[in-house]
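These notes are about the structure you will find just below.
The values are calculated or read from the model by the stated rules, or taken from the named source; none is laboratory data. Treat the numbers as computed from the prediction; the structure is a model and nothing was measured. Quick reminder, even Gly has a Cβ in these numbers, built from the backbone with ideal geometry, and neighbours come from all protein chains shown. All accessible areas refer to the heavy atoms of the entire protein, side chains included, with ligands and DNA or RNA removed. Shrake-Rupley method; radii C 1.70, N 1.55, O 1.52, S 1.80 Å.
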Amino acid sequence: MSLQAEIAACTVCAGALPHGVRPVVSFSSTARLLIIGQAPGSKVHASGIPWDDASGVRLREWTGLTKAQMYDPAQVALVPMGFCYPGKATGGDNPPRPECAPLWHERVLASLPQDRLTLLVGTYAQAYYLPETRRWTLTDRVQAYRDFLPGVLPLPHPAWRSTIFMRKNPWFEGEVLPELRRQVARRLRRVG
């Protein structure tokens, strides 16, 4: 059974998922751009397509990816911290289930090229993959993006709240987004 088939058949968290099991992940052995987000929201749970919501539109704007590029697993791996929709909480969705990343990420990442760019989108991905920054704020991590290049670039989550982040931190649009687009384009050029 392929790794993707194993993930699709996973039911480890079934008892904790109020809307049922539906792992949403996309990757291939040639994807040189890896986007690690939080967990699927209700729209993504319904469609089964990663980032198939307003946050995905904003993320494509930030990265300069076309829809075709973003959803081409040969170019872009879309791997959330939790593969299934965790359900609603007060003020948003529940956190990603803690079982997914330890269970699957190492195997997924091992199947990807070593010279990839990993975008850590949001606090959950950054806390897991940048444990040395545990005491930092998300803003601190994003502002220190140069310290993590060339392999990693931390980003805020592109939900509607990111407009507040962008207003408070104009350096994000002026400095981080142009570098993000350059880094993404550099990885994609090597694919073609």
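So the values come out like this:
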{"read-out": "Residue 142 under 28 Å from residue 104 (Cβ atoms) and surrounded by 18 or more Cβ atoms within 10 Å (Cβ to Cβ)", "value": "yes"}
{"read-out": "Candidates 42, 29, filtered to the one that is at pLDDT 95 or above, surrounded by fewer than 19 Cβ atoms within 10 Å (Cβ to Cβ) and farther than 15 Å from residue 118 by Cβ", "value": "29"}
{"read-out": "Boolean, residue 167 is surrounded by fewer than 18 Cβ atoms within 10 Å (Cβ to Cβ) and either of a type in the set (D, E, K, R) or without any contact (Cβ under 8 Å) to a residue 24 or more places away in the chain (or both)", "value": "yes"}
{"read-out": "Filtered residue count, segment 65-91, keeping only those that are in a loop (DSSP other than H, G, I, E, B), at negative phi and free of Cβ contacts under 8 Å to residues at least 24 places away in the same chain", "value": "3"}
{"read-out": "Filter result for residue 137 (under 23 Å from residue 179 (Cβ atoms) and β-branched (Val, Ile, Thr))", "value": "yes"}
{"read-out": "Condition met for residue 159 (open to solvent by 20 Å² or more (accessible area, probe 1.4 Å), out of contact with any strand residue (DSSP E or B) (no Cβ under 6 Å at 6 or more places or on another chain), in contact (Cβ under 8 Å) with a residue 12 or more places away in the chain and assigned to a loop (DSSP other than H, G, I, E, B))", "value": "yes"}
{"read-out": "Close pairs from segment 133-153: first over 17 Å from residue 36 (Cβ atoms), partner assigned to a loop (DSSP other than H, G, I, E, B), Cβ under 7 Å, at least 6 apart", "value": "139/169"}
{"read-out": "Residue 150 at pLDDT 95 or above, in a helix (DSSP H, G or I) and either closer than 17 Å to residue 60 by Cβ or in contact with a helix residue (DSSP H, G or I) (Cβ under 9 Å, 6 or more places away or on another chain) (or both)", "value": "no"}
